[in-house]
Amino acid sequence: MHTDEHILEYAGAFRLVRKIAQGGMATVYEAEQLGPAGFAKRVALKVIHPHYAKEKTWLQLFIDEAKLSANLVHGNIVQIYQLGEVEGQYYMAMEYIKGPTLRMVIERHRELDRLIPPAIAAYIASRVCRALDFAHNFVGPGGNRLDIVHRDVSPNNIMATWDGHIKLADFGIAKATTSTDPVAKSPALMMGKKHYMSPEQILALDVDARSDVFAVGVVLYELLSLEPLFYEDATELLIDEVTWRPLRSIREVVPSVPKAIEEVLMAALERDPAKRPTAAAMGKALDRWCEAQAIVATPDRLQEHLAALFPATYQPSTISGEFTRFSNFQRGLRRRGDANGRRFWQRLFARIASP
Ligand SMILES: Nc1ncnc2c1ncn2[C@@H]1O[C@H](COP(=O)(O)OP(=O)(O)OP(=O)(O)O)[C@@H](O)[C@H]1O
Ligand SMILES: [Mg+2]
């Protein structure tokens with residue numbers, strides 16, 4: 001058996017910075033991808049556990065899914081850079097996300113005993129919807145629809161950057177993991193995922209894009225209430241809970257949740273996939289509600305929220321004393337007054353127009 005360090009020596013490709021987490025399927029590292037003349041790019045490196053890679057069917061599904069997702073380049077999706085193999089050890093290099101997972105955000109709110117403001121929850125869910133809409137309708141290089149389904153939309157796989165952007169990770173990997181899981185007999189390894197499955201997924205029926213919409217509904221419910229929607233541990237009971245038991249109304253659990261958000265939530269959580277909205281429609285409904293609020297949810301607002309939530313670990317990409325350079329710029333315009341701001345643009349435009 002080879003150690004993870006083997007990968008480091010290989011062509012000097014990566015330098016591990018720190019281990020981020022060890023999960024059931026892989027170990028995730030913060031790493032540097034190295035190039036000539038001191039070139040180094042920060043990446044996340046997911047090294048697949050050897051017992052998975054030894055399963056031929058699992059490996060084939062994993063590689064197929066990685067190939068499908070390789071060209072998904074979207075602001076709300078964690079980008080895959082490379083799928084590599086060294087002496088039978090498989091790894092995936094991907095965009096490194098500096099910031100907490102939604103699991104951490106939820107846990108922190110529970111610790112503080114403070115609800116997540118509905119505007120922040122709706123903003124997060126709407127960004128996940130955008131990521132899904134992009135993937136669900138993605139057309140491959142050959143011009144054909146790839147019918148990509150995420151299958152594992154859950155608070156662990158949704159990350160927030162300290163700059164206030166939302167990123168969905170791990171597209172399609174669940175297909176390999178749940179179809180041929182060599183360690184499925186160990187229920188602990190399925191934990192945390194099965195509670196976000198749609199009725200059709202938990203019944204092992206065919207799933208399509210609409211299954212992901214249900215999962216966003218389950219995540220949004222938890223963001224708003226800080227309680228999981230489905231909590232049964234025994235799979236047989238969980239199947240009952242997910243497929244037919246009446247759902248607790250979010251407004252009974254948290255009366256302050258707006259009616260419009262409850263409606264979006266109930267539509268996403270329809271047991272019949274045909275009755276659910278598309279990811280695009282769900283995202284738009286959330287956006288419409290967000291835009292009508294007095295304080296509109298933006299990356300700036302999420303950034304402020306995260307800064308207050310994680311004072312010890314908050315570490316944005318820029319150190320400007322303001323939340324983003326864009327808000328600095330807006331503030332600058334405001335300070336000089338609108339008229340001055342316009343004159344600045346007119347002067348700039350005049351310079352470009354007549355060199
Ligand atoms: N691209 C990334 N950038 C930074 N950290 C990451 C990245 N991907 C994953 N992580 C971190 O590594 C942890 C483990 O990720 P991993 O995908 O192995 O397990 P998981 O998300 O908890 O479960 P799942 O098997 O459902 O994906 C995440 O919770 C997150 O903290
Ligand atoms: Mg993950």
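What the table shows:
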| quantity | calculated |
| --- | --- |
| Any hit, region 146-158, residues being modelled with pLDDT of 95 or more, more than 14 Å from the chain's Cα centre (by Cα), within 18 Å of E65 (Cβ to Cβ) and surrounded by fewer than 19 Cβ atoms within 10 Å (Cβ to Cβ) | no |
| From the options A31, A53, A37, A44, residue that is aliphatic (A, V, I, L, M), at pLDDT below 90 and either within 11 Å of ligand 1 (Cβ to nearest atom) or in contact with a helix residue (DSSP H, G or I) (Cβ under 9 Å, 6 or more places away or on another chain) (or both) | A53 |
| Sole exception among (1) closer than 20 Å to T101 by Cα; (2) modelled with pLDDT under 95; (3) in contact with an Asp or Glu (Cβ under 7 Å, 6 or more places away or on another chain) for S126, by number | (2) |
| Candidate set from region 26-36 (those that are more than 18 Å from the chain's Cα centre (by Cα) and among the aliphatic types (A, V, I, L, M)); member that is nearest to ligand 2 (Cβ to nearest atom) | A31 |
| Among (1) β-branched (V, I, T); (2) exposed (fewer than 12 other Cβ atoms within 10 Å of the Cβ); (3) modelled with pLDDT of 95 or more, the one test that V257 misses | (2) |
| T243 being under 25 Å from H136 (Cα atoms) and polar (S, T, N, Q) | yes |
| Some residue of region 198-207 being within 16 Å of ligand 2 (Cβ to nearest atom), among the aliphatic types (A, V, I, L, M), assigned to a helix (DSSP H, G or I) and more than 20 Å from L286 (Cα to Cα) | no |
| Qualifying position, being modelled with pLDDT of 95 or more, in a loop (DSSP other than H, G, I, E, B) and under 17 Å from P118 (Cβ atoms), among L229, L247 | L229 |
| Filter pass, L61 being among the aliphatic types (A, V, I, L, M) and in contact with a strand residue (DSSP E or B) (Cβ under 9 Å, 6 or more places away or on another chain) | no |
| Among (1) assigned by TED's automatic domain parsing to the domain that holds G23; (2) within 13 Å of ligand 1 (Cβ to nearest atom), the one test that E85 misses | (2) |
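The values are calculated or read from the model by the stated rules, or taken from the named source; none is laboratory data. All of these numbers come straight from a predicted model, not from anything done at the bench. Every residue, glycine among them, receives a Cβ derived from its backbone with ideal geometry; neighbour counts consider all protein chains shown.
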